[in-house]
Amino acid sequence: MKISIVGTGYVGLCTGVGLAVKGHNVTCVDIDKEKVEKINTGKSPIYEPGLGENLARVLKEGRFRATGDIKGAITNSDVTFISVGTPSREDGSIDLKYIKQASRNIGNVLREKQGWHVVVVKSTVIPGTTEGVVKKNLEEASGKKAGKDFGLCMNPEFLREGKALEGFLNPDRVVIGELDKKSGDPVAGLYEGFRAPVMRTGIKTAEMIKYASNALLATKISFINEIGNICKKLGIDTYDVAKGMGMDKRISPQFLQSGLGWGGSCFLKDVAAIVAKGKELGCMAGLLESVIKVNEEQPGVLLKLAEGKAGSVQGKTIAVLGLAFKPDSDDIRESRSIPLIKALRKKGANIVVYDPKAMENMKVFFPDIEYAGSAKEAVGKAEIVLIATGWEEFKDPELYGNKIVIDGRNIFKDGKKLDNYEGLCW
Ligand code: UDX
């Protein structure tokens, strides 16, 4: 099938390359000329395992290209995905300016285009957005009617950074929210080669499945962190507790790794958006508000442990190992290392940091802290080492000598022992 994708961020690019790997013909559209050129030379603008190789392969095989020409891309395709960003506003609600713009641009092209075309929202949008904002903008710009002249679907993406392409190609499930069967059939056809159950449902339901899934995952982590803080005081290893809990199929062992908390571009944005929507509708989302609160407090808990071990951090050199919000990523959005560094700065500590991938990104946030050339160098300069991201290379006990290490990610759970070690929730 011929597919166009508007917006080549994480979701757009991984969806595009993934569908091309599956044999479809994909054109990705972006307004950023440099990005388009980079993609067309086979270089991925983001670091994601497997993405670069597969991008180069599908380009070479002629099933994938990027362009700035939205008209050509849509005219020469049967299905268009919208995968533009949905940033947060100050109050947590989502900003739909890119969604509106993309819908209008697509509508303008559909005005001239003959034949059945399906528009699919892939961006995470609050329930009601596709059938409200997207449909309205498409209809106004095209002068056509959704369901009669063109199809409309919402197909949420559940991919995880660091496993984005693998996750796209091997999903647990595919959810297709469809305006009607004629809209949903071509989208279901796209996923025929996937070994995953396909759930076809209403558009609003699909939108909510995405929010509710992310909200529950964030809840599981905040839950185990709250339990973990209590376990720590009681001298119990939370990971043993999580193991015992996870044997219950209803609970599952996943997303019960306690530590410094969750970061990334999705969890906070999505939980805050659903809280804001709930409030707008007169529903208090107290549980989800607490999920955010627990997460915000976790870096402070780590810092307290450090102070418990070493006294005040003022004037001391503290190494923060790991800046990315999780390993195998250069993404620092909502990384727990950010509030940790802020708190350390406030307390007057000298900070030296190291991350194998995310240092350039963090320099924009904190230009005035010290960036070490290696983990060894950072540890060597520090009196206390705080582990904020569980990168593989930090798991070498030799790295630490007898330095005080406070581990926020339980990277030594395999039994390796350090001389002067303290775990956050274990
Ligand atoms: C998440 C969802 O998993 C994905 O389905 C959605 O599409 C986008 O948001 P992602 O942000 O890439 O994906 O990261 P994920 O692997 O889910 O981890 C999020 C954060 O939670 C990371 O900071 C990670 O370190 C933390 N985490 C995860 C924990 O602290 N404990 C866990 O048990 C799992």
(request) Take every Cα pair under 8 Å in the stretch 237-423 that's 6+ residues apart, average their separations, divide by the length, and report that relative contact order as a whole percent. (result) 20
(message) For residue 150, what residues show an amide H to amide H distance below 5 Å, using hydrogens built from the backbone and excluding near sequence neighbours?
(response) 145
(request) Give a residue-ordered list of calculated ³J(HN,Hα) values for the stretch 95-107 (Karplus: 6.51 cos²θ - 1.76 cosθ + 1.60, θ = phi - 60°; whole Hz; x for Gly, Pro). (result) 8, 9, 4, 6, 5, 5, 4, 5, 4, 5, 4, 5, x
(message) Let me check I've understood the local charge: for residue 324, count other residues with C-beta under 15 angstrom from its C-beta, Lys and Arg +1, Asp and Glu -1. What total comes out?
(response) -2
(request) Of the DSSP beta bridges with both residues in the chain, give the percent that are antiparallel, rounding to the nearest 5. (result) 5
(request) Using the Karplus curve 6.51 cos²θ - 1.76 cosθ + 1.60 with θ = phi - 60°, work out ³J(HN,Hα) for each residue of the stretch 135-140 in order, rounded to whole Hz, and write x for Gly and Pro. (result) 4, 4, 5, 5, 5, 4
(message) Distance cut-off 27 Å, Cα to Cα: go down the list 210/249; 60/182; 38/395 and report the pairs above it.
(response) 60/182; 38/395
(message) A 27 angstrom limit on the alpha carbon distance is what I want to check against. Which of 293/403; 326/347; 326/417; 97/204 exceed it?
(response) 293/403
(request) Find the Rg to Rh ratio for the chain, where Rh is the Kirkwood radius over alpha-carbon pairs and Rg uses the same atoms. (result) 1.01
(message) Could you give each residue of the stretch 303-317 its phi-based ³J(HN,Hα) in whole Hz, using Karplus coefficients 6.51, -1.76, 1.60 with θ = phi - 60°, and x for Gly or Pro?
(response) 5, 4, 4, 4, 5, x, 7, 10, x, 5, 8, 4, x, 8, 8
(message) Using amide H atoms built in the peptide plane, which far-off residues or other-chain residues are under 5 Å from residue 80 H to H?
(response) 4, 118, 119, 120
(request) Just tell me which aspartates and glutamates come within less than 16 Å, Cα to Cα, of residue 33; anything on the same chain fewer than 8 places away is out. (result) 69
(message) What is the angle, in °, between the Cα long axis of helix 10-21 and the longest principal axis of the Cα atoms in the chain? Nearest 10 is fine, range 0 to 90.
(response) 60
(request) State, as an integer percentage, the relative contact order of the chain based on alpha-carbon contacts under 8 Å between residues 6 or more apart. (result) 12
(message) Relative contact order for the stretch 2-201: what percent, with Cα pairs under 8 Å and sequence separation of 6 or more?
(response) 20
(message) Considering only C-alpha atoms, what is the centroid distance from the stretch 71-146 to the stretch 330-376, in Å?
(response) 38
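For the chain, what is the calculated [θ] at 222 nm in deg cm²/dmol (nearest 500), taking -39500 (n - 2.57) for each run of four or more DSSP H residues and dividing by its residue count? Write out the running numbers ahead of the final one.
Working: 15 runs with 180 residues, N = 426.
Taking each H run of at least 4 residues, the total per residue is -13000 deg cm²/dmol.
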(request) Rank by packing, highest mean first: peptides 231-238, 209-216, with packing defined as the count of other Cβ atoms within 10 Å averaged across residues. (result) 209-216, 231-238
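No lab work stands behind these numbers, since they all come straight from the coordinates. Quantities reported herein were computed from a predicted structural model and do not represent experimental measurements. In this analysis, Cβ positions are derived from the backbone assuming ideal geometry, glycine residues included, and neighbour counts consider all displayed protein chains.
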